[in-house]
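The values are calculated or read from the model by the stated rules, or taken from the named source; none is laboratory data. Predicted model, so just to flag it, every value in this text is computed and none were measured. Cβ: placed from backbone, ideal geometry, glycine included. Neighbour counts: every protein chain shown. Each accessible area value is taken on the protein alone, full model and side chains, heavy atoms only, with ligands, DNA and RNA left out. Shrake-Rupley method; radii C 1.70, N 1.55, O 1.52, S 1.80 Å.
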Amino acid sequence: MHHSRILCGPRARLLTLLCIPGVLCGAPAALAAPASPETVAVQLRDAAIAGHDIAYTWVSELTTRFGPRPAGSANEQAAAEWAAARLKALGFENVHIETFPITAWVRGSESAQLVAPISQPLVAAALGESPPTPPGGIEGDVVLFGTFNELKAAAPGSLSGKIAMVTQHMVRAQDGAGYSAAVAARTDGPQAAAERGAIAFLLRSVGTDSHRIAHTGTTRYVDGRVPLPSFALSAPDGDQFERLAALGQTIRVRLVSGASYRADAHSQNVIADVRGGERPQEIVLLGAHLDSWDQGTGAIDDGTGTAIITAAAKLIRDLPHRPRRTVRVVLFGSEEVAQPAPPGGAFGGHAYVTTHQAELANHVLTGESDLGTDDIYAVGLPKAAFSGAFADTVMRVLTPIGVLRAEHPPEDAGSDVGPSVEAGVPAFLLNQDAMRYFDIHHTPDDTLDKVDRTQLDQNVAAWAALVWLAADSAVDFHSHEAAAPHP
Ligand SMILES: [Zn+2]
């Protein structure tokens, strides 16, 4: 679905709304009486749709100046310093960097080669956090499993000396549901393979493209380490393996990875506020992550997320009146290597909750942008506000740019704000069209040219309008089912 630029107000209208540095900020008669929150939300929406340079400029500079930003790298740290300086220059308050220690994973030189029944170079990428092979590599026969469940059904010891491979295909879906179905093989496959005696783990890339690029991604620590050298193979190479197996051929590969770890690394979250006018202690938390995988430049994962929330908050910051509540932007570090549970919990979302424990009860709402840059098609509000006057206002503002009401309140708001949500902060979800996202996700192809500026603007419009409405309201988004009746 595509919104129409016919909906946009003239740029002149923007000047009555926003105080732009260097532009005279007059007091037109229209502002004599304060506009209703809904009117302001419509103006924010239309200003973003009309074309707002902040978001595109942000992601362009971020990816150009700093390139890949793996967790704990010098690039990630330099990007955080730049982001903090830029947020200050944009007029945000309370801008600072919060550092936390991590063990960084560093990709080494790597290769994959089919050695039997024919010789053929393969396109593969080591999975994040996975250990190196010996310098000469690991060679073994490959045992294929069509699904992760089939691997888990294999008997203990049955893969002794073999390389286990899951060939499961990911399904393309608008809401990205195919990813959650396929990704367990990546996070937990190395452990399942190791438990059955395998010497290495291979995975058909978790992605929807048919190009010879490999999709990396993190794997789970077991007892403090990833158990096996593990690799994602490009989809066409995975297809080749399946055809060879169907011909009854024994597939033998050699895998080489020079990956390493740095135990004394650190990552960081960047914090920036638009301070609320009436209830500054109440916080609407917007999240996205500044780190990226190392193969591309992290344009759609998640440079655009950081650009969308920053641009939306900047539009709100430039209003003549502050919202009642504080709008907080957090650019998280170390998201891509996130471990689902401790002891590997050293990632930005956990670090934020630890550092901000005392004020979490005053976080009234949170949301995260981390599914690329294509159009938002649905909005899910937390249970307590899923229907009613607030939701109706949101729908009146967002429906004209193609955003429908989600069927349910969000069950999962994303990994950066996940720990905050687990700690009780209500979450909203602005669902982005994920049809092409997983063609590019975690590959060398995640670069700036994939960003569609019109759709980027639509994202900023939806975020600015919704966040404004929430921050300027007194709505209680918490559910109080377990507590005493709430007034
Ligand atoms: Zn991401």
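A few comments on the model shown:
- Residue list for region 237-282, filter: open to solvent by 10 Å² or more (accessible area, probe 1.4 Å), touching a residue at least 60 places away in the same chain (Cβ under 8 Å) and over 26 Å from the mean Cα position of the chain (by Cα): Gln240, Glu242, Leu244, Ala245, Gln249, Thr250, Arg252, Arg254, Val256, Gly258, Arg279, Gln281
- For Tyr56, the conditions (1) hydroxyl-bearing (Ser, Thr, Tyr); (2) under 21 Å from Ala259 (Cα atoms); (3) under 21 Å from the mean Cα position of the chain (by Cα) are fulfilled apart from (2).
- Looking only at region 292-310, residues that are part of a loop (DSSP other than H, G, I, E, B), open to solvent by less than 10 Å² (accessible area, probe 1.4 Å) and not hydroxyl-bearing (Ser, Thr, Tyr) come to 2 in all.
- The lone exception for Lys383 - which of (1) more than 16 Å from the ligand (Cβ to nearest atom); (2) crowded, with 17+ Cβ neighbours inside 10 Å; (3) under 23 Å from Asp476 (Cβ atoms) it fails: (2)
- Count of residues meeting criterion [surrounded by fewer than 24 Cβ atoms within 10 Å (Cβ to Cβ) and of a type in the set (S, T, N, Q)] in region 175-227: 4
Conditions tested, residue by residue: (1) assigned to a loop (DSSP other than H, G, I, E, B); (2) within 16 Å of the ligand (Cβ to nearest atom); (3) over 22 Å from the mean Cα position of the chain (by Cα).
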position: Val364; (1), (2), (3): no, no, no
position: Gly367; (1), (2), (3): no, yes, no
position: Asp370; (1), (2), (3): yes, yes, no
position: Thr373; (1), (2), (3): yes, yes, no
position: Ser387; (1), (2), (3): yes, no, yes
position: Arg396; (1), (2), (3): no, no, yes
position: Pro409; (1), (2), (3): yes, no, no
position: Asp412; (1), (2), (3): yes, yes, no
position: Ser415; (1), (2), (3): yes, yes, no
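- Cβ-Cβ under 7 Å pairs, at least 6 apart or on other chains, region 367-388 side among the aromatic types (Phe, Trp, Tyr), far side assigned to a strand (DSSP E or B) and within 16 Å of the ligand (Cβ to nearest atom): Tyr377/Asn431
- Test: residue in region 398-408 that is of a type in the set (Asp, Glu), without any contact (Cβ under 8 Å) to a residue 60 or more places away in the chain and out of contact with any strand residue (DSSP E or B) (no Cβ under 6 Å at 6 or more places or on another chain): yes
- Given (1) of a type in the set (D, E, K, R); (2) open to solvent by less than 50 Å² (accessible area, probe 1.4 Å); (3) in contact with a Ser or Thr (Cβ under 9 Å, 6 or more places away or on another chain), number of the condition Asp374 does not satisfy: (3)
- Residue match in region 326-343 (condition: part of a helix (DSSP H, G or I), over 30 Å from Arg436 (Cβ atoms) and either more than 16 Å from the ligand (Cβ to nearest atom) or open to solvent by 20 Å² or more (accessible area, probe 1.4 Å) (or both)): no
- Condition check for Leu159: in contact with a Pro (Cβ under 8 Å, 6 or more places away or on another chain) and surrounded by 22 or more Cβ atoms within 10 Å (Cβ to Cβ): no
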